[in-house]
1. Got a number for residues in segment 140-174 being more than 30 Å from residue 216 (Cα to Cα), touching a residue at least 24 places away in the same chain (Cβ under 8 Å) and out of contact with any helix residue (DSSP H, G or I) (no Cβ under 6 Å at 6 or more places or on another chain)?
2. Can you name every residue in segment 131-164 that is touching a strand residue (DSSP E or B) at 6+ places or on another chain (Cβ under 6 Å) and under 19 Å from residue 176 (Cα atoms)?
3. When residues of segment 69-90 are filtered for being more than 21 Å from residue 105 (Cβ to Cβ), surrounded by fewer than 20 Cβ atoms within 10 Å (Cβ to Cβ) and touching a helix residue (DSSP H, G or I) at 6+ places or on another chain (Cβ under 9 Å), how many remain?
4. Of all residues in segment 144-160 being within 15 Å of residue 113 (Cβ to Cβ) and part of a strand (DSSP E or B), which is nearest to the chain's Cα centre (by Cα)?
5. Determine if segment 118-128 includes at least one residue that is in contact (Cβ under 8 Å) with a residue 12 or more places away in the chain, part of a helix (DSSP H, G or I) and within 19 Å of residue 167 (Cα to Cα).
6. So residue 100 passes all but one of these: (1) within 17 Å of residue 187 (Cβ to Cβ); (2) in contact with a strand residue (DSSP E or B) (Cβ under 9 Å, 6 or more places away or on another chain); (3) buried (at least 18 other Cβ atoms within 10 Å of the Cβ). Which condition number does it fail?
7. From (1) under 29 Å from residue 164 (Cβ atoms); (2) touching a strand residue (DSSP E or B) at 6+ places or on another chain (Cβ under 9 Å); (3) surrounded by fewer than 16 Cβ atoms within 10 Å (Cβ to Cβ), pick out the condition that doesn't hold for residue 107.
8. Quick check on residue 187: is it in contact (Cβ under 8 Å) with a residue 24 or more places away in the chain, at negative phi, under 18 Å from the mean Cα position of the chain (by Cα) and surrounded by fewer than 18 Cβ atoms within 10 Å (Cβ to Cβ)?
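Bear in mind that the values in this text are calculations on the coordinates, not laboratory data. If you're wondering where the values come from, they're calculated on a predicted model, not measured in any experiment. Methodologically, a virtual Cβ is constructed for each residue, glycine included, from the backbone with ideal geometry; neighbour enumeration extends over all protein chains shown.
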């Protein structure tokens with residue numbers, strides 16, 4: 001099937017309140033434009049340079065989501081245009097995003113990444129670190145960022161009950177924060193091509209889907 005057909009098939013199965021982020025990393029602009037012509041307006045990239053190159057070439061009504069791990073020294077390259085930064089896991093990174101957003105007179109939306117997986121390679125805050133961060137004086141001084149929700153990645157495993165438990169854990173944290181704090185989180189970004197249906201059943205509001213739309217990634221050897 002074509003990219004457009006894949007996209008429309010997935011969209012037809014998604015509940016109305018779910019935001020679909022088309023994960024377009026390593027894919028050429030021509031592939032992204034095929035998805036754009038089929039109505040997709042939200043694209044996710046994991047490298048800031050690649051995202052910026054595509055932003056420069058493509059229509060300006062696209063929402064660009066940074067879904068990869070962010071290095072503080074690269075934030076300045078996307079601060080002008082990025083719509084949502086998914087993987088924010090430190091005060092230092094938030095302070096840099098705030099600083100660069102201020103230069104562009106913008107307020108940049110961010111998701112705090114929570115560590116839910118049983119893997120050392122994943123990034124994120126635990127529940128204690130999350131509460132310490134959002135209650136800190138330094139955090140309250142950041143006026144050019146807006147924390148709109150949480151993001152998490154489940155363990156890369158075939159074990160569906162483990163993945164479900166990790167997603168449910170993240171949803172519980174999401175609910176706890178919304179019940180206690182003066183923040184109003186609306187976005188819960190969890191679920192990718194292999195597990196997005198399970199993620200939605202556990203309360204996800206945003207799914208990141210790449211290979212099911214664009215096919216396997218093109219990695220340069």
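1. Count: 5.
2. Selection gives 146, 147, 148, 149, 150, 151, 152.
3. Total meeting the criteria: 3.
4. Going through the qualifying residues, I end up with 151.
5. yes
6. The single condition residue 100 does not satisfy is (1).
7. The single condition residue 107 does not satisfy is (1).
8. When the stated conditions are applied, residue 187 does not pass them.
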